[in-house]
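Here the structure comes first, spelled out in C-alpha cells, and everything after it is commentary.
The values are calculated or read from the model by the stated rules, or taken from the named source; none is laboratory data. Fair warning: this is a prediction, and the values are worked out from it, not measured in the lab. Cβ sites come from the backbone with ideal geometry, for glycine too, and all protein chains shown count toward neighbours.
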Amino acid sequence: HEPLLQVKGLETAFSIEGKDHNAVDGVSFNVEKGKIVGIVGESGCGKSVMSLSVMNLLPKGIGKIRNGEVLFEGRNLEGLDDKEMNKIRGKDISMIFQEPMTSLNPVFTIGYQLEEVLHNHFKLSKKEATEKVVQLLSAVGISRAERIVDEYPHQLSGGMRQRVMIAMAIACQPKLLIADEPTTALDVTVQAQILELLQDIQKKNDMAIIFITHDLGVVSETCDEVIVMYAGRIVERTDVQRLFNSPKHPYTELLMGAIPRLEEEKDMLATIDGIVPSLTKMPEVGCRFANRCPKAMKECTTVTPKLAKNEEGHEVACLLYETSRPEEEVLR
Ligand code: SF4
Ligand code: MG
C-alpha cells in the first residue's frame, strides 16, 4: 500500500549572508492515512520549516528545498506551480498555526472568512454556504454559531479563534491536517478541549494529522507515532507507547523530564540547559546534541550518529547504540 504522505531525504536550506544552511537536514518519514504523527522538539529544531516545506510555503528567495522529495498520495508536490498547489492546500492538506490572530483577517467577519474558504474549492449558493458555515462552526464545538458568523476575530477568545481556524482547516475535509503548535498559546483547560476536538475530528473524518509541538505531554495524549527532531534531524522515531516506556535518545529523555505538570508554568525550555545550535553554527560532524548531552562521549563530536533501527519499530540516532554507528565503525 501507499502511505498518504512520504517525505524522502528532505533538505531545506535557508540562505544567510549568501550561504545556504540546512534547517532540515535529510529527514524521511511517512504518514499513513488516518494516523496522528507527532513531531517534537524545541523551537529551532526544524519542525515548522519541515511543515512549510511540505506545504510549499517556504518564504520565496530565502528558503528552498535543496534535496529530497515530498509525495502526497504518490504525487510529487515539488515543482507544482502555485495554482496547482493551491488546489491541494486546503482541499487535500491543510494547516493550522499557533496564533490564529495572525491567520485570521481582522477586517472581515468570521462568517465571511469561512465562506471564502468554501468558495475557493466548491460551487455553492449564498444560502448553501451560510448553512455550511454554521454546520462547520457547530462541528468544532461552537454552540452559538449563528451569532459568531457576524463577529470579528478580535471579539473572540483565543480558544474560540482556534476553533474557527480548525473549522476553516477542515472545511474541505482534507486528508491531512498539519497542526503547528495549535494549542501553545492557550491556557491548559482550553488546550485540553482543543486537543480533544482535534482527535474527535480525526476519528470522524478519518483524517491524518501531523502534530507539531515542543510539548511531549501533548504528544502522549494525542499521537500514534512520534518523531523527535533535534537541530534539523530526526533523532528518534517510534510509536507513542514505546517512546514513553523506553525512550532511547538522551534528548528525548530530557524532553520527558521537562513535561510540564498542569499546575506548573508551561516554560519547559528552562529545564534543559543550553540551546539548539543556530543554523550558522551547526557542527559539520558529530552529534548536534553533543554540547548539551549529559551522556556525551569523546567520539560524539567526531562521529555522526545515523538514524537506524535499534529494535522492531524503534529507530534512534545516538552513538550509545551500536546500530547508530557508521558502518566502518561497526566493522572495526
Ligand atoms: Fe549524546 Fe553522544 Fe548520543 Fe549525541 S551521540 S545523544 S552526544 S550520547
Ligand atoms: Mg515552530
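Taking the criterion of being touching a residue at least 60 places away in the same chain (Cβ under 8 Å), touching a helix residue (DSSP H, G or I) at 6+ places or on another chain (Cβ under 8 Å) and in a loop (DSSP other than H, G, I, E, B), would at least one residue in the range 71-94 satisfy it? Yes, the range 71-94 contains a residue that is touching a residue at least 60 places away in the same chain (Cβ under 8 Å), touching a helix residue (DSSP H, G or I) at 6+ places or on another chain (Cβ under 8 Å) and in a loop (DSSP other than H, G, I, E, B).
Of the set (1) under 30 Å from Pro250 (Cβ atoms); (2) crowded, with 16+ Cβ neighbours inside 10 Å; (3) not small (Gly, Ala, Ser), all apply to Asp20 but (2).
Based on what the data block shows, is Lys60 assigned to a strand (DSSP E or B), out of contact with any His (no Cβ under 8 Å at 6 or more places or on another chain) and of a type in the set (Lys, Arg)?
Values: assigned to a strand (DSSP E or B): no; out of contact with any His (no Cβ under 8 Å at 6 or more places or on another chain): yes; of a type in the set (Lys, Arg): yes.
No.
Residues in the range 16-43 that are hydrophobic (A, V, I, L, M, F, W, C) and within 13 Å of ligand 2 (Cβ to nearest atom) were compared, and the one that is farthest from Val219 (Cα to Cα) is Ala23. Restricting the search to strands (runs of 3 or more DSSP E) fully inside the range 183-286 and requiring at least 1 residues that are within 16 Å of ligand 2 (Cβ to nearest atom) and either of a type in the set (Phe, Trp, Tyr) or modelled with pLDDT under 85 (or both) gives 208-213, 225-230.
In the range 68-118, the qualifying residues are those that are within 22 Å of the chain's Cα centre (by Cα) and among the aromatic types (Phe, Trp, Tyr), and the one that is modelled with the highest pLDDT is Phe72. In this structure, Leu137 qualifies as crowded, with 18+ Cβ neighbours inside 10 Å, over 16 Å from the mean Cα position of the chain (by Cα), farther than 21 Å from Val54 by Cα and more than 16 Å from ligand 2 (Cβ to nearest atom).
Being without any contact (Cβ under 8 Å) to a residue 24 or more places away in the chain and not in a loop (DSSP other than H, G, I, E, B) is the filter here; which residues of the range 114-131 pass it?
Glu115, Glu116, His119, Lys126, Lys127, Glu128, Ala129, Thr130, Glu131
Can you give me the number of residues within the range 296-332 that are farther than 16 Å from Tyr230 by Cα and part of a loop (DSSP other than H, G, I, E, B)?
From the range 296-332, those farther than 16 Å from Tyr230 by Cα are 297-299, 302-303, 309-314, 320-323, 325-332; that's our starting set.
Filter again for part of a loop (DSSP other than H, G, I, E, B), leaving 297, 302-303, 312-313, 320-321, 325-326, 332.
Looking only at that region, the number is 10.
If you go through the range 44-61 one residue at a time, do you hit one that is modelled with pLDDT of 90 or more and away from ligand 2 (no atom under 14 Å from the Cβ)? No; the residues of the range 44-61 include none that is modelled with pLDDT of 90 or more and away from ligand 2 (no atom under 14 Å from the Cβ).
Each row is one residue, and each column tells you yes or no for (1) within 27 Å of Pro3 (Cα to Cα); (2) in contact (Cβ under 8 Å) with a residue 40 or more places away in the chain.
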| site | (1), (2) |
| --- | --- |
| Val149 | no, yes |
| Gly158 | no, yes |
| Ala192 | no, no |
| Asp206 | yes, yes |
| Gly217 | yes, yes |
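Hey, among the residues in the range 293-323 that are within 7 Å of ligand 1 (Cβ to nearest atom) and within 25 Å of the chain's Cα centre (by Cα), which one's surrounded by the fewest Cβ atoms within 10 Å (Cβ to Cβ)? Only one residue tops the list, namely Cys293.
In the range 163-185, what residues are closer than 13 Å to Leu114 by Cα, surrounded by 21 or more Cβ atoms within 10 Å (Cβ to Cβ) and of a type outside the set (Val, Ile, Thr)?
Arg163, Met165, Ala167, Met168, Ala169, Ala171
Residues that are surrounded by 18 or more Cβ atoms within 10 Å (Cβ to Cβ) and in a loop (DSSP other than H, G, I, E, B) within the range 95-113 comprise Phe97, Gln98, Leu104, listed in sequence order.
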